[in-house]
Each structure stands twice: as C-alpha cells, then as structure tokens.
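Scroll down for the structure; my scribbles are underneath it.
The values are calculated or read from the model by the stated rules, or taken from the named source; none is laboratory data. What you see is a predicted model; the values in this text were computed from it and never measured. For neighbour counting, all protein chains shown are included, and Cβ atoms are generated from backbone atoms with ideal geometry for every residue, glycine included.
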Amino acid sequence: LRGETFAFAKLGQDQFTDELVRAESRAVQDLGRHSWRLLRVPEVIHSGSWNGHPLLVQSAIKPGVRREVDSELVKGAMSELAALGPSARSPLSKSTYWHALRQRIAAVSDSPFGAALQASVDELSPQAEDHSLRFGPWHGDWAPWNMVVRADGVHVWDWEKFADDVPVGFDAIHYFVQGCVVERGARPAEAFAAALA
C-alpha cells in the first residue's frame, strides 16, 4: 500500500484523556488564529465528539524537506509563543501558576515523590515572595519528538498541556532536559544541572 498521512485523530476514553483532548482542541484552535513568523501549529480539521468522548482531528505535516534542528530557530519559535498576548511580571508567589502547582503537589503529598516535591516547594516558598518573573504562554511538552524544523518554520504538535500563565523559559528548560534524558541517556539530576549551567 502507498499513501500519504493527511491527518491525526485523538479520541478521549476517560475523564483524564477527555480533558487532554478538549484542552488540545482549544489550544490548537486559538493558536491557529494567530499569524506566526516561525511557529507552525496543526490545522483543526474537526473538533467534536464520538460515543460521548471528545474527538480532535488535526492536519499532519505535509511531506517536504526537513532541516537540521537549528537551535536559534527553535529558540525563536519558543520566544514567539511566549510573547503571545500580554506579558506579565509578578512575584512567583502571586502567580496562578504557583498556586496551581502547589495544589497539584498537595494532592499527591502522601506519596514518596509527592513528599519530596512538597519539601522542595516549602524550601522555595520564601524566595517565591522576593523574585519577580515574567509569565506567558508555553507549549507544556515541547520536546525534540514533538516538533520538526522545515523550510517554512518550526512545526510543533501535541498541545494538550498548553497554558498561558507559566514562567517564560520553561519550554526551553523542558526541551533541553528531555533531550538530555531521553535522547542522550543522562540522569535527570545531571540534565537539570546542565540546564542551569
């Protein structure tokens, strides 16, 4: 058989995946209305439901020549996304991001990993009062396998974790750390230390 991929479909199957599909549908539709210089977002072909669960059908990247990953282009696309909408500066402790993060950690604080995360947040809390950060949109899972660089820009997919009030730069850290851990086999602690360096 010969053919060409023209679309990808995502279908929720429970409460958790239903919300992911709905979130991605909202994000891709909203981002698709913007005129981008470098960033490319899939086109929504259909957003609806099937058997009581949300269904999203998105365009696939059209065939063409891929370019080597150019870190400047990727950085430019990330910056372009982060600059979308009003840019706000505030202390971390006053941000909706910080409050949502604390709620998520509190919900799992009785697990070993949750307890470690809670201890880290408690340790950071005094500094969260003093440091002002810039907040803006982020992809939420920008990793080397969720994008491709083409002649017409940086194509990025899997937008289900998109949010619009996150510290600017988190996409870059996530991208770097995921590349180190998954593609190069680094331990997470080493990857984060390299990111900070």
Matching residues, the stretch 1-21, being touching a Leu at 6+ places or on another chain (Cβ under 8 Å) and not β-branched (Val, Ile, Thr): Ala9, Lys10, Leu11, Gly12
Hey, Phe16 surrounded by 15 or more Cβ atoms within 10 Å (Cβ to Cβ) and either touching a His at 6+ places or on another chain (Cβ under 8 Å) or more than 20 Å from Val74 (Cα to Cα) (or both) or not: no
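Looking for whichever is without any contact (Cβ under 8 Å) to a residue 12 or more places away in the chain, more than 26 Å from Gly12 (Cβ to Cβ), touching a helix residue (DSSP H, G or I) at 6+ places or on another chain (Cβ under 6 Å) and surrounded by fewer than 18 Cβ atoms within 10 Å (Cβ to Cβ) here; the options are Ser109, Ser93, Ser120. Which one fits?
Unique residue meeting the criteria: Ser109.
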Condition met for Gly153 (touching a Lys or Arg at 6+ places or on another chain (Cβ under 6 Å) and at pLDDT 95 or above): no
Failed criterion for His46 (all others in (1) exposed (fewer than 13 other Cβ atoms within 10 Å of the Cβ); (2) in a loop (DSSP other than H, G, I, E, B); (3) not β-branched (Val, Ile, Thr) hold): (2)
